[in-house]
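All remarks here apply to the structure that follows.
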Amino acid sequence: MKKILFQGDSITDAGRSRENDADRGIGYPTLVSAELGFLYPGEYEFVNRGISGNRSIDLLARIKRDIINLKPDIMSILIGVNDVGHEFMYEDGVDTEQFEKYYAMIIEEVTEALPDIKIMILEPFLLKASATEEDWDEFRYGVEKKAAAAKNIAERFGLKFIPLMRKFDDAAKTVAADYWLSDGLHPTAAGHELIAREWIKAFGEL
């Protein structure tokens, strides 16, 4: 049985249990595991280790415990929004140069320890709503920079990149932004379904 690991911040965390791996939260990891579990019974084990509030440096700090020790065969990473948002909230953000540096360190360490792992990088995203509108221009610019850095990392290491920013931008043209991202950052059920569909599409191309 191959192990699929979901890594990231609150978008991935989605209220998952810390005691029971069978409880993967109410977000896209559960939707993905439901779909793949149905299509390929018994072929995959699904583990969610997203932690709310994490930045790239936080993910790097727990790389041994929450990635390498788990020995996943496939891993997806969605990180970057907090690297921007924490600067507005706590003056504790991560600039784009450091973000790309930490991301590269994560990929290098993981692939050195687990040379056969397949990694997918999800593009960070946001929309204009209650949690983002006050600093919208700076917030959007910052996340776009992190998105470009994430894509650079994927290209540099030959990894699958899953674009999401434009997907949410296009979705928000048909109905209000908070229909997809409740506060501009955290997905609703429909928003998680959007991510899950793009995740599964990319998975099929690995």
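The values are calculated or read from the model by the stated rules, or taken from the named source; none is laboratory data. It should be emphasised that the depicted structure is a prediction, and the values quoted were computed from it without experimental measurement. So basically every Cβ, Gly included, is an ideal-geometry build from the backbone, and we count neighbours across all protein chains shown.
One table, with the values for the structure above:
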quantity: Lone unmet requirement of (1) at pLDDT 95 or above; (2) closer than 28 Å to ILE67 by Cβ; (3) surrounded by 21 or more Cβ atoms within 10 Å (Cβ to Cβ) for GLU193; calculated: (3)
quantity: Answer from GLU133, GLU198, GLU138 - the residue that is touching a Leu at 6+ places or on another chain (Cβ under 7 Å), modelled with pLDDT of 95 or more and either in a helix (DSSP H, G or I) or of a type in the set (Asp, Glu) (or both); calculated: GLU198
quantity: SER52 being surrounded by fewer than 24 Cβ atoms within 10 Å (Cβ to Cβ), over 19 Å from TYR103 (Cα atoms) and hydroxyl-bearing (Ser, Thr, Tyr); calculated: no
quantity: LYS128 more than 17 Å from VAL84 (Cβ to Cβ), among the charged types (D, E, K, R) and either buried (at least 22 other Cβ atoms within 10 Å of the Cβ) or in contact with a helix residue (DSSP H, G or I) (Cβ under 6 Å, 6 or more places away or on another chain) (or both); calculated: no
quantity: Filtered residues of segment 84-104 (kept if exposed (fewer than 15 other Cβ atoms within 10 Å of the Cβ) and hydrophobic (A, V, I, L, M, F, W, C)); calculated: MET89
quantity: Filter result for ARG156 (more than 16 Å from the chain's Cα centre (by Cα), closer than 18 Å to GLY191 by Cβ and part of a helix (DSSP H, G or I)); calculated: no
quantity: Residues that are hydrophobic (A, V, I, L, M, F, W, C) and either over 23 Å from SER52 (Cα atoms) or touching a Cys at 6+ places or on another chain (Cβ under 9 Å) (or both), drawn from segment 158-199; calculated: LEU159, ALA171, ALA172, VAL175, ALA176
